[in-house]
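S.K.: Handing you this structure, nothing more for now.
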Amino acid sequence: MVEIAAFTYGLVASIILSRLGRDRRAARPSGPVAVMTAWALFGFSAALAGLIAGWLLAGLAFL
C-alpha cells in the first residue's frame, strides 16, 4: 500500500514540476491548478517530514 502511494506521489510530483519548469523556460505564467497542486505537494511533503522527525525524536527519547 505504501509503495502505491509513493509511486503515485512521485508521478504527480514529476508531472507538476516538469510542467512548471517548462512554463518558466517558455516565460509564460503557469496555470492556477498546477500552482495549487505544487503548493499542496509542498505542504504534504513538509507535514510528512515533520511527522517522521517527530516520530524519530519520540523514539530516541525512550533510548
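S.K.: Give the accessible surface of the chain per residue, rounded to a whole number of Å², with probe radius 1.4 Å and ligands, DNA and RNA excluded.
M.R.: 84 Å²
S.K.: Once fully extended, how much extra length lies between residue 55 and residue 6, figured as 0.36 nm per residue of separation less the alpha-carbon to alpha-carbon distance?
M.R.: This chain segment gains 15.7 nm when fully extended.
S.K.: Over the Cα atoms of the chain, each weighted equally, I'd like the Debye log10 I(q)/I(0) at q = 0.12 Å⁻¹, rounded to two decimals.
M.R.: For the chain at q = 0.12 Å⁻¹, log10 I(q)/I(0) is -0.44.
S.K.: Grab the DSSP H runs of the chain that are 4 residues or longer, score each as -39,500 (n - 2.57), total them, divide by all residues and round the 222 nm result to the nearest 500 deg cm²/dmol.
M.R.: My calculation for the chain gives -30500 deg cm²/dmol from helical runs alone.
The values are calculated or read from the model by the stated rules, or taken from the named source; none is laboratory data. Everything numeric in this text was worked out from a predicted model, so none of it was measured. These area figures cover heavy atoms from the full protein model, side chains too; ligands, DNA and RNA do not enter into them. Shrake-Rupley method; radii C 1.70, N 1.55, O 1.52, S 1.80 Å.
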